[in-house]
Amino acid sequence: MRFMNLQYVKRYRMELDLRRWRRPRIEVPVDFRLVTWHPSLGQAHAEVKYASFRGEIDSQVFPCLGELEGCEQLMSEIEARDGFLPEGTWLAQYIGSECVGVEESVPEYCGTIQAVRTHKTKANIQNIGVVPYHRGRGIGTALILASLLGLHHLGIGRVCLEVTAENEAAVRLYRQLGFRTARTLYKAVELAYSEAGR
Ligand SMILES: CC(C)(COP(=O)(O)OP(=O)(O)OC[C@H]1O[C@@H](n2cnc3c(N)ncnc32)[C@H](O)[C@@H]1OP(=O)(O)O)[C@@H](O)C(=O)NCCC(=O)NCCS
């Protein structure tokens, strides 16, 4: 039997002041490249999002992230928003010799990030995901820096993101890149559990 349990998940709203930002060099790991936004890439962003978030804490906080259809719908909504910023939206692609399971002509996308303007000089970056196999190589860092650089060129002065406090790897990464916690939020989440696993 399955039960629903309402819980409050601690989240941080983190901010980076881009006006004081010292533009770093973006180091894209060998065998990877970053791909700028194009409307034909919405499905690729959705698929990488799904592959990156399924089974992770955020797919419990935002159930749509744990399903391909949910990620497709989310991606369609994001790109349709007035504030959608192609300059802050990137895919990472693996181009090394170990591409497996796909025809050579099919690109192996492995990381995603999107940006949305929330005010004339403010933007959010969101849904940063790297597929498990390619984590810990600097792809998340490269995606975030590419997005920040794009936003900096647009004159965005402040960038925000939200992260689940329990997601220590992500929180550490954002801190390393200069983001600081501006606010702590609590999001009500319905978590499903089975009787056996209570
Ligand atoms: C959070 C996430 C995007 C990070 O992606 P990533 O590609 O692993 O990030 P990076 O490789 O740039 O950085 C991760 C770690 O690898 C280290 N690293 C970076 N470049 C490296 C390299 N060349 N070699 C070895 N390690 C490296 C970083 O220092 C960092 O170390 P730390 O965890 O000890 O601080 C990824 O874990 C993810 O997709 N998680 C699931 C989805 C999610 O929760 N997203 C965040 C939502 S807010």
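Bear in mind that the values in this text are calculations on the coordinates, not laboratory data. Remember, it's a predicted structure, so these values are computed and weren't measured experimentally. Here the Cβ is made from the backbone with ideal geometry for all residues, glycine too, and neighbour counts use every protein chain on show.
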Bins of 10 Å from zero: percent of alpha-carbon pairs in the stretch 2-194 = 9, 35, 39, 14, 3, 0
Taking amide H positions as placed in the peptide plane 1.01 Å from N, state which residues far from TRP37 in sequence (5 or more) or on other chains have amide H under 5 Å from it.
-> THR89
What FRET efficiency would be calculated for the residue pair ARG183, GLU77, taking the C-beta separation as r and a Förster radius of 22 Å, to the nearest 0.05?
-> 0.35
Counting alpha carbon pairs within less than 8 Å and at least 6 residues apart, what relative contact order, in whole percent, applies to the stretch 2-194?
-> 39
Which of these, ALA51, ALA169, ALA115, has the largest mean-square fluctuation under a Gaussian network model of the chain (Cα springs below 10 Å)?
-> ALA169
Of LEU151, VAL130, PRO39, which is farthest on the positive side of the dipole of the stretch 2-194, counting Cα position, with +1 on Lys and Arg Cβ, -1 on Asp and Glu Cβ, and the Cα centre as origin?
-> LEU151
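Nearest 0.05, what FRET efficiency do THR121 and HIS153 give at R0 = 22 Å with Cβ-Cβ as r?
That gives a FRET efficiency of 0.95.
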What residue among TYR133, TYR109, TYR50 has the largest mean-square fluctuation in a Gaussian network model of the chain, using Cα springs under 10 Å?
-> TYR133
Label model pair ARG19, TYR133: point-to-point distance (7 angstrom along the Cα→beta-carbon line) in nm is 4.5
Highest-fluctuation residue, PRO63, PRO24, PRO86 considered, GNM on the chain with Cα pairs under 10 Å | PRO24
Within the chain, helix-based [θ] at 222 nm, where runs of 4 or more DSSP H residues each add -39,500 (n - 2.57), nearest 500 | -8000 deg cm²/dmol
